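Undergrad: Pasting a structure below so you can have a look.
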Amino acid sequence: MPSLVEALSRDVGAAFAALELPAELGRVVESDRPDFAPYQCNGAMAAAKQAKRNPREIAQSIAEKLAADHLSMKVEVAGPGFLNLTPDDAAYSTQANVLASDERTGADSAAHPLKLMIDFGGPNVAKPMHVGHLRSSVIGDCLQRLMRFRGHDVVSDIHLGDWGLQMGHLITELEDEQPDLPYFDGEVTGGYPSEPPVTIDDLSRLYPQASAKAKEDPARNERSRKATAELQAGRPGYRALLAHFIAVSIAALKEDFNALGVHFDLWKGESDVNDLIPEVVADFKAKGVAEESDGALIVRVARDSDKKELAPLILVSSAGAALYATTDLATILERRREQDPQLILYVVDLGQSDHFEQVFRAAYKAGLAQEGGLEHVKFGTVNGTDGKRLRTRAGGTFKLADLIEQARDRARDRLNEAGLGAELSKDEFESVAVSVANAAIKFSDLSNVRTTNYIFDLDRFVSFEGKTGPYLQYQSVRIKSILRKATDQGLEPGEIVVGKAEEAALVRRLDGFNAAVIRAERDRAPNVLCEHAYNLAQAFSGFYANCPILPEKDEAIRASRLKLAATTLRQLELVLGLIGMDVPERM
RNA sequence: GUCCCCGUAGCUCAGCAGGAUAGAGCAACGGAUUCCUAAUCCGUAGGUCGGAGGUUCGAAUCCUCUCGGGGACGCCA
């Protein structure tokens, strides 16, 4: 079922065609000037340019043609040649009932579903999750929900960073602290303790320590590189340590991700593809894609058309170790064998643009993937209120878990302030607080345009006023409350009959859902969903304030409004679900 | 040095393929609750869209230059 915009575009397009003008010029959009009309078409001016005619005359002819067609709308010509279109109430009513009868309130599935994978560019095993990790988690999760909603077959992979030099740093730093552990004894090749020698706090301490030392001292760095190479070559003690590091790290990560309500199909990591690396390297050599340079094996990926010089990808370092790019390539091979995706989305910050450009080109060059089958869904950095990048080593950075807890504290306070604590059981209260905190965190992150940097301001993050997640939950809960009361009173929703301006405005917003979902999918843009959710909630506010539902005496009108409210709720829950937010029963 | 991204109201940000008077939220000020949840709603005020050229009937949007901020540039991830 086409949306109003689509139906109008078709009608106006037909009118253009009837005048022997391109039908595409009939494209109708929501108006910039809702005080004139809710919809507009600017095609007459473009047509005038092409045909070298007077735009107003063309617009006038279109308007006359449309009037002759007896369509369910008012058409006016304004300014230099704008066509202002105003559907009548019957058109809104018809559309509203169509949307209401659809489980998805008008949202289509993709015409050609894809098999696709989402790579969350996982957190590093060596480091605890900090606020910088929020973006890939929240954006990636939104995308996996959105893509599934569109009917794509999605497999998500957290893809932990558990294989590079950072592991060498951890191993050598731990060796310095606890040299007597059996893992470091070259003679011992098995029977290692099953208890991990470190906690997550140890891990988060060891890595920065080692990294700082290595920066000052090349010899110290060389030790880590050597350990990395030995680990990758399969030294038993190091492999046993790695297994501990990963297990400890995953346990901690699962807590954070569960707290956020983010889930992955696969908990793979870079270390999982180690066995494939020799094959990838041999394959690249055989195909003549890789070559020696300064003791390393590299792939030249620069192209003549490049504006900037892209460095070659380093497949094997001069120390003999696989690097970040190598494991990414091996992972592409693994995924091709196990999942065979048509598209892989990498949800990783934009600082790694060059890296992915290198990997993608190398993969295409070697025939590991089809051109266009790999896509970097990049996002901006998280900055502090001083506008500078929030870094792990900056000192002031706090953990993601702390952020979540602070948001929850704030949510509990607000619930209490509003006097809502008393009505709920302790469990209910806590679950609402959790849900509200998540909504606040996710919405404030996702409502930013993905590719821009944004300023992380805790106060703003946990403020629940205005354009926020909790506001949207509140609106939804309010509708739930009305519907619950209606049920209690034995009231049934009925056919929607639009009679007031606020009802028409609400129908227009509901009608825009499909376009928003499609645009969000096309641009991988969660903020479009946020925008739609907020506009919908605002339209409902206008409706709520001006159109009594339960107090309405006219039975038919009441039933109509009840259905409009129920449809709004359904769509709100759908779109908030895509964002990753829950809607409590009451709050 | 080369390349990429950003610069819109006091603050944080939208602005989709060039269209009419550039929109939200916060903060400020003024209102609204005998009525379905006031985490709400309505109103007021606030902008040389960093700057200068250019293309166009028409530019925040496209092109060039320039200033300011951020980032990336062969063995870290």
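The values are calculated or read from the model by the stated rules, or taken from the named source; none is laboratory data. All of these numbers come straight from a predicted model, not from anything done at the bench. Quick reminder, even Gly has a Cβ in these numbers, built from the backbone with ideal geometry, and neighbours come from all protein chains shown.
Undergrad: Every residue in segment A:103-123 that is buried (at least 23 other Cβ atoms within 10 Å of the Cβ), of a type outside the set (Asp, Glu) and part of a strand (DSSP E or B), please.
TA: A:117, A:118
Undergrad: Which pairs turn up if I take residues in segment A:199-211 that are crowded, with 21+ Cβ neighbours inside 10 Å and in a helix (DSSP H, G or I) and look for partners that are at pLDDT 85 or above and among the hydroxyl-bearing types (Ser, Thr, Tyr) with beta carbon separation below 8 Å, at least 6 apart in sequence or on another chain?
TA: Listed by first residue and then by second, the contacts come to A:203/A:249; A:210/A:172; A:210/A:224.
Undergrad: Could you grab me the full set of residues in segment A:22-32 that are more than 9 Å from RNA strand B (Cβ to nearest atom) and either assigned to a strand (DSSP E or B) or buried (at least 20 other Cβ atoms within 10 Å of the Cβ) (or both)?
TA: Step one: filter segment A:22-32 for residues more than 9 Å from RNA strand B (Cβ to nearest atom), giving A:22-23, A:25-26, A:28.
If the condition is that a residue be more than 9 Å from RNA strand B (Cβ to nearest atom) and either assigned to a strand (DSSP E or B) or buried (at least 20 other Cβ atoms within 10 Å of the Cβ) (or both), then A:25, A:26, A:28 are the ones that fit.
Undergrad: Name the residue, out of A:396, A:421, that is modelled with pLDDT under 90, in a loop (DSSP other than H, G, I, E, B) and within 11 Å of RNA strand B (Cβ to nearest atom). Break it down into steps so the answer makes sense when it comes.
TA: On the way: A:396 fails: within 11 Å of RNA strand B (Cβ to nearest atom).
Answer to the selection: A:421.
Undergrad: Then there's this: For segment A:34-59: of the residues being without any contact (Cβ under 8 Å) to a residue 12 or more places away in the chain and within 7 Å of RNA strand B (Cβ to nearest atom), which is nearest to residue A:101 (Cα to Cα)?
TA: Among those residues, the one meeting the criterion is A:35.
Undergrad: Does segment A:311-342 hold any residues that are away from RNA strand B (no atom under 15 Å from the Cβ) and either on the phi > 0 side of the Ramachandran plot or outside the structural domain of residue A:372 (by TED's automatic domain parsing) (or both), and which are they?
TA: Within segment A:311-342, the subset away from RNA strand B (no atom under 15 Å from the Cβ) is A:332-342.
Matches in segment A:311-342: A:340 only.
Undergrad: Can I ask one more? Which number in (1) closer than 23 Å to residue A:489 by Cα; (2) of a type outside the set (Phe, Trp, Tyr); (3) more than 8 Å from RNA strand B (Cβ to nearest atom); (4) surrounded by 18 or more Cβ atoms within 10 Å (Cβ to Cβ) marks the one condition that residue A:584 misses?
TA: So residue A:584 meets the others, but not (3).
Undergrad: Quick test for you: out of A:381, A:385, pick the one residue that is near RNA strand B (Cβ under 10 Å from one of its atoms) and modelled with pLDDT of 80 or more. Full working, then the answer.
TA: Working: A:385 fails: modelled with pLDDT of 80 or more.
Testing whether each residue is near RNA strand B (Cβ under 10 Å from one of its atoms) and modelled with pLDDT of 80 or more leaves just A:381.
Undergrad: Restricting to segment A:454-484, name every residue that is within 6 Å of RNA strand B (Cβ to nearest atom) and of a type outside the set (Asp, Glu).
TA: Within segment A:454-484, the first condition is being within 6 Å of RNA strand B (Cβ to nearest atom), and the residues that meet it are A:454-455, A:464-467, A:470-471, A:474, A:477-478, A:481-482.
Residues satisfying the conditions are A:454, A:455, A:464, A:466, A:467, A:470, A:471, A:474, A:477, A:478, A:481, A:482.
Undergrad: Take the residues in segment A:436-452 that are within 18 Å of the chain's Cα centre (by Cα) and near RNA strand B (Cβ under 6 Å from one of its atoms); name whichever of them is surrounded by the fewest Cβ atoms within 10 Å (Cβ to Cβ).
TA: This residue is A:452.
Undergrad: Which of (1) modelled with pLDDT under 90; (2) farther than 15 Å from residue A:504 by Cβ; (3) assigned to a loop (DSSP other than H, G, I, E, B) does residue A:35 not meet, given it meets every other one?
TA: The number of the failed condition is (2).
Undergrad: A follow-up question, please. Only residues that are touching a helix residue (DSSP H, G or I) at 6+ places or on another chain (Cβ under 8 Å) and more than 30 Å from residue A:403 (Cβ to Cβ): list them for segment A:209-228, please.
TA: As a first pass, look at segment A:209-228 and keep what is touching a helix residue (DSSP H, G or I) at 6+ places or on another chain (Cβ under 8 Å): A:209-215, A:220-221, A:223-228.
Within segment A:209-228, A:220, A:221, A:223, A:224, A:225, A:226, A:227, A:228 qualify.
Undergrad: Would a scan of segment A:88-95 turn up a residue that is touching a helix residue (DSSP H, G or I) at 6+ places or on another chain (Cβ under 7 Å), within 30 Å of residue A:497 (Cβ to Cβ) and surrounded by 22 or more Cβ atoms within 10 Å (Cβ to Cβ)?
TA: Scanning segment A:88-95 turns up at least one residue that is touching a helix residue (DSSP H, G or I) at 6+ places or on another chain (Cβ under 7 Å), within 30 Å of residue A:497 (Cβ to Cβ) and surrounded by 22 or more Cβ atoms within 10 Å (Cβ to Cβ).
Undergrad: Does residue A:76 qualify as being touching a Leu at 6+ places or on another chain (Cβ under 8 Å), at pLDDT 90 or above, over 30 Å from residue A:521 (Cα atoms) and assigned by TED's automatic domain parsing to the domain that holds residue A:14? Steps first, answer last, please.
TA: Working: touching a Leu at 6+ places or on another chain (Cβ under 8 Å): yes; at pLDDT 90 or above: yes; over 30 Å from residue A:521 (Cα atoms): yes; assigned by TED's automatic domain parsing to the domain that holds residue A:14: yes.
Yes, satisfied.
Undergrad: Another question, if that's okay. Residue check, residue A:240 against (1) under 18 Å from residue A:127 (Cβ atoms); (2) crowded, with 18+ Cβ neighbours inside 10 Å, all met but one. Which one?
TA: Of (1) under 18 Å from residue A:127 (Cβ atoms); (2) crowded, with 18+ Cβ neighbours inside 10 Å, only one is false for residue A:240: (1).
Undergrad: List every residue pair whose Cβ atoms sit under 7 Å apart, with the two residues 6 or more apart in sequence or on different chains, where the first one lies in segment A:78-101 and is on the phi < 0 side of the Ramachandran plot and the second, anywhere, is acidic (Asp, Glu).
TA: A:84/A:76; A:95/A:511; A:97/A:495; A:99/A:511
Undergrad: Filter segment A:62-94 down to the residues that are under 21 Å from residue A:495 (Cα atoms), touching a strand residue (DSSP E or B) at 6+ places or on another chain (Cβ under 8 Å) and in a helix (DSSP H, G or I) and list them by number.
TA: Within segment A:62-94, A:91 is the sole residue that qualifies.
Undergrad: Tally up the residues in segment A:287-300 that are assigned to a loop (DSSP other than H, G, I, E, B), near RNA strand B (Cβ under 10 Å from one of its atoms) and of a type outside the set (Lys, Arg), please. First the steps, then the outcome.
TA: Just the residues of segment A:287-300 that are assigned to a loop (DSSP other than H, G, I, E, B), to begin with: A:287-289, A:294-295, A:300.
Remaining after also requiring near RNA strand B (Cβ under 10 Å from one of its atoms): A:294-295, A:300.
Still in the list and also of a type outside the set (Lys, Arg): A:294-295.
Qualifying residue count for the region: 2.
Undergrad: Listed residues A:480, A:485; which is surrounded by 15 or more Cβ atoms within 10 Å (Cβ to Cβ), touching a Leu at 6+ places or on another chain (Cβ under 8 Å), outside any loop (DSSP other than H, G, I, E, B) and of a type in the set (Lys, Arg)? Give the steps one after another, and end with the answer.
TA: On the way: A:485 fails: surrounded by 15 or more Cβ atoms within 10 Å (Cβ to Cβ).
Within the list A:480, A:485, the selection yields A:480.
Undergrad: I would also like to ask the following. Please specify each residue of segment A:524-554 satisfying the condition of being in a helix (DSSP H, G or I), in contact (Cβ under 8 Å) with a residue 40 or more places away in the chain and more than 17 Å from residue A:478 (Cβ to Cβ).
TA: A:526, A:527, A:529, A:530, A:531, A:532 - these are the residues of segment A:524-554 that are in a helix (DSSP H, G or I), in contact (Cβ under 8 Å) with a residue 40 or more places away in the chain and more than 17 Å from residue A:478 (Cβ to Cβ).
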